[in-house]
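The values are calculated or read from the model by the stated rules, or taken from the named source; none is laboratory data. Keep in mind it's a predicted model, so treat the numbers as computed, not measured. Cβ sites come from the backbone with ideal geometry, for glycine too, and all protein chains shown count toward neighbours.
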Amino acid sequence: MKNTFQIFAVAAILICLSSGHAVAQRTVKPNAKGQGRPQIKNAQVEVYKTVGEVELRAWIFKPKSISESQKLPAAIFFFGGGWRNGNPQQFVEHCKYLASRGMIGIVVDYRVSARHPVKVIDCIADAKSAIRWARLNSERLGIDPERIAAGGGSAGGHLAAATATVAGFDSPEDQTVVSCRPNALLLFNPAVVLAGISGKTEIDEKRLASMRERAGVEPTKISPYHGDVASAPPTFIVHGKADTTVPYQSVEFYTEKMHANNRECRLIGYENQQHGFFNFGKSGLEYFNKTVAEMDAFLVSLGYLKTKGKIEKAGK
């Protein structure tokens, strides 16, 4: 029997994310001359993709001392905002921390509906392009192409997971012989269930139609849970148990399916915490530091980082 909370869990994702209520950061609206783009300091800036007149940028944070011969693991982060708005600034402090630990951290911009006439499938295309760009340019950027993690929060977490699990929706200009699949996932209150789960959840048809319009395809086609979980890379998830925007039970479903397919998935739930609790600047950095510490431990377990970091310095 389907309980009411299970039904609510996926329905809430469809309502909140498709209506753009999952806003993680202030919206930035560049004008025709590019003014108003995110001002991110002390980073190497490159254009990873051009769509018409739209240039999509990547901000790269590297360790202070790095030799040209070194090939380091990297993490690419996608901001949240319901695929409607948001700001690459969201994960800058995560990238600075990883750079201090010997990794390369990258935040990227991608098209969102508040600034561009796009659907969720276009956001997925941009995310896949970003991973491919990093691999294609790994030699020049000092990246180990076999140790690229994709991360993000909320809708950005969805995009990161989609690069690993969702088939298709590639940009026509992409060199698809280069894999868009990351080697690990770093997910922060991610939207990983975007359609009903047989025997567990039901979705009101009107809400499903809303998501279908927002996505540009049937929601099952862009839902990581409904995708290729059997081949998903090692995955790290932190999520607030009091999250009413992307309910905690949705990541429990995802984790259960990962484990059923013998895939590594480390889910860490935080009591009484709501959506976006992990963001830099929230709760006096308490949960930023706690979740960064957990991320650090996960990366150590994968061999991306050699030793445990001094997390008390994170965010300072």
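Residue-by-condition table, conditions (1) free of Cβ contacts under 8 Å to residues at least 60 places away in the same chain; (2) among the charged types (D, E, K, R); (3) assigned to a helix (DSSP H, G or I):
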{"site": "123", "(1), (2), (3)": "yes, no, yes"}
{"site": "129", "(1), (2), (3)": "no, no, yes"}
{"site": "144", "(1), (2), (3)": "no, yes, no"}
{"site": "147", "(1), (2), (3)": "no, yes, no"}
{"site": "151", "(1), (2), (3)": "no, no, no"}
{"site": "157", "(1), (2), (3)": "no, no, yes"}
{"site": "177", "(1), (2), (3)": "yes, no, no"}
{"site": "186", "(1), (2), (3)": "no, no, no"}
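Residues in region 45-62 include none that are modelled with pLDDT of 95 or more, within 23 Å of residue 295 (Cβ to Cβ) and surrounded by fewer than 20 Cβ atoms within 10 Å (Cβ to Cβ). Identify all residues within region 140-164 that are buried (at least 24 other Cβ atoms within 10 Å of the Cβ) and not small (Gly, Ala, Ser); write none if there are none. Hits for region 140-164 are 143, 148, 158, 159, 163.
Under the condition of being more than 15 Å from the chain's Cα centre (by Cα) and part of a helix (DSSP H, G or I), which residue from region 94-121 is surrounded by the fewest Cβ atoms within 10 Å (Cβ to Cβ)?
Result: 100.
Annotation note: of 223, 301, the sole residue that is of a type in the set (Ser, Thr, Tyr), in contact with a His (Cβ under 9 Å, 6 or more places away or on another chain) and either in contact (Cβ under 8 Å) with a residue 60 or more places away in the chain or within 24 Å of residue 165 (Cβ to Cβ) (or both) is 223. In this entry, residue 212 is excluded by the filter for residues that are touching a Pro at 6+ places or on another chain (Cβ under 8 Å), at pLDDT 95 or above and not in a loop (DSSP other than H, G, I, E, B).
Quick one: is residue 27 of a type in the set (Val, Ile, Thr), out of contact with any helix residue (DSSP H, G or I) (no Cβ under 7 Å at 6 or more places or on another chain) and at pLDDT 95 or above?
Against the criterion (of a type in the set (Val, Ile, Thr), out of contact with any helix residue (DSSP H, G or I) (no Cβ under 7 Å at 6 or more places or on another chain) and at pLDDT 95 or above), residue 27 does not qualify.
Can you go through 201, 291, 255 and tell me which one is among the β-branched types (Val, Ile, Thr) and either under 24 Å from residue 111 (Cβ atoms) or in a loop (DSSP other than H, G, I, E, B) (or both)? Of the residues listed, the single one that is among the β-branched types (Val, Ile, Thr) and either under 24 Å from residue 111 (Cβ atoms) or in a loop (DSSP other than H, G, I, E, B) (or both) is 201. If you filter region 63-93 down to residues that are among the β-branched types (Val, Ile, Thr) and either buried (at least 21 other Cβ atoms within 10 Å of the Cβ) or assigned to a helix (DSSP H, G or I) (or both), you find that the one that is nearest to the chain's Cα centre (by Cα) is 76.
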